[in-house]
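What follows is a single structure, written as structure tokens, with notes after it.
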Amino acid sequence: MSSDLRPDLRQQVTLLELVDRVLNKGVVLSGDITLSVADVDLVYIGLRVLLSSVATLEEQGMPVAIGDALR
Amino acid sequence: MIHVYGIVDELDSLPPVEGVDGAALERRRVDALELVVSEVPRDEVTQEAVLRHAQVVEALMSRSRAVLPAQFSRPFAGDEELVSAVTAKASDLELRLQRVRGCVELGLRVVAPAPDSGPEAESGAEYLRARLDEERRRSQLVAEVDEPLARLAQETAGGAAGSNVFERAYLVRDEDASTFLDTVRELQAAHPELSLACTGPWPPYSFGAEAAK
């Protein structure tokens, strides 16, 4: 991760990467991956929600910076 | 309904974390495969559920020899449906589980400088030539960054994500991870014109698919 990124921004990038992995990657077991609502890709809804609430998540002790290896 | 977190190999014990909706984690064996699941009351994708899923997978990583994370998807109606879905892919899943054993995923995102508008092209042909040169320079830059990293990886997945963004996941053996990160730092120093963002180590989310290149 570029060291010149602001820490909060870096955390958000990590979070985006996390959500992208959980929703788009991983073994597909169920054939039914309905992750869109009214034709809007839920990934993006999710990302918007996440971006707006990183601070809240941190307060709740959620792992927002999972795997941020290049500190 | 049953939510699946992943397939595990030699899981010590269930991690002391709650599953989606606060449900207790359970181990479920299907053929030779062991899954970690929990009961969920409803079929809903929430931010909380997605992060909880990720947290469980992360916790499983530290307690087993290998984890194949499941994609967050609609839960199974019941045991029967789960068993038949897993049985249908059992041999493929076993193979993938072996491949990710002892490895972590490292993500790389390279952002190349946006093409500068440059001097006005005199003609259409000149414009196209300039664009082509620009494109070549960029893909060469990306190759210079990707090649040394791909050499350290068992497998890679992903590729170009946009005209000036390159995204790739590397499956790297645990013992090679620090060399990988050092190499990213060296590459960043050698290429100040690029912006390199490396994230990880992640559970091998990007390497569950059979077509991982």
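Observations on the model:
- Counting only residues that are modelled with pLDDT under 90, within 12 Å of another protein chain (Cβ to nearest Cβ) and in contact with a Pro (Cβ under 9 Å, 6 or more places away or on another chain), region B:34-60 holds 2 of them.
- Residues located in region B:61-118, provided they are part of a loop (DSSP other than H, G, I, E, B), more than 12 Å from chain A (Cβ to nearest Cβ) and without any contact (Cβ under 8 Å) to a residue 40 or more places away in the chain: B:D116, B:S117, B:G118
- Condition check for B:P75: more than 19 Å from the chain's Cα centre (by Cα) and farther than 18 Å from A:V28 by Cα: no
- Scanning region B:153-167 for residues that are buried (at least 19 other Cβ atoms within 10 Å of the Cβ) and at pLDDT 90 or above, we see that the one that is nearest to B:Y205 (Cα to Cα) is B:A157.
- Residue satisfying all of: in region B:159-206; touching a residue at least 12 places away in the same chain (Cβ under 8 Å) and among the basic types (K, R); farthest from the other protein chains (Cβ to nearest Cβ) among these: B:R173
- Members of region B:70-93 found to be in contact with a strand residue (DSSP E or B) (Cβ under 7 Å, 6 or more places away or on another chain) and farther than 16 Å from B:R29 by Cα, listed by number: B:Q71, B:P75
- Among the residues of region B:46-71, the ones that are over 24 Å from B:D12 (Cβ atoms) and either of a type in the set (F, W, Y) or surrounded by fewer than 20 Cβ atoms within 10 Å (Cβ to Cβ) (or both) come to 4 in all.
- Close Cβ contacts (under 7 Å, 6 or more residues apart or on different chains) running from residues in region A:12-36 that are within 7 Å of another protein chain (Cβ to nearest Cβ) and under 14 Å from B:V4 (Cα atoms) to residues that are modelled with pLDDT under 80 and part of a loop (DSSP other than H, G, I, E, B) comprise A:L23/A:L35.
- Residue check for B:S123: exposed (fewer than 13 other Cβ atoms within 10 Å of the Cβ) and closer than 19 Å to B:V8 by Cα: no
- Residues being β-branched (V, I, T) and in a helix (DSSP H, G or I) - total across region B:145-203: 4
Results for (1) assigned by TED's automatic domain parsing to the domain that holds B:S91; (2) within 20 Å of the chain's Cα centre (by Cα); (3) farther than 10 Å from B:Y5 by Cβ; (4) part of a helix (DSSP H, G or I), shown as yes or no for each residue.
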residue: B:R28; (1), (2), (3), (4): yes, no, yes, no
residue: B:L35; (1), (2), (3), (4): yes, yes, no, no
residue: B:S38; (1), (2), (3), (4): yes, no, no, no
residue: B:P41; (1), (2), (3), (4): yes, no, yes, no
residue: B:V50; (1), (2), (3), (4): yes, yes, yes, yes
residue: B:H53; (1), (2), (3), (4): yes, yes, no, yes
residue: B:V57; (1), (2), (3), (4): yes, yes, no, yes
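- Flag for B:D21 being more than 18 Å from B:E105 (Cβ to Cβ) and assigned to a helix (DSSP H, G or I): yes
- In region B:168-201, residue nearest to A:T14 (Cα to Cα) [restricted to those that are exposed (fewer than 14 other Cβ atoms within 10 Å of the Cβ) and aliphatic (A, V, I, L, M)]: B:A189
The values are calculated or read from the model by the stated rules, or taken from the named source; none is laboratory data. This structure is a prediction, so every number in the text was calculated from the model and none was measured. Note that each Cβ is placed from the backbone with ideal geometry, even for glycine, and that neighbours are counted across all protein chains shown.
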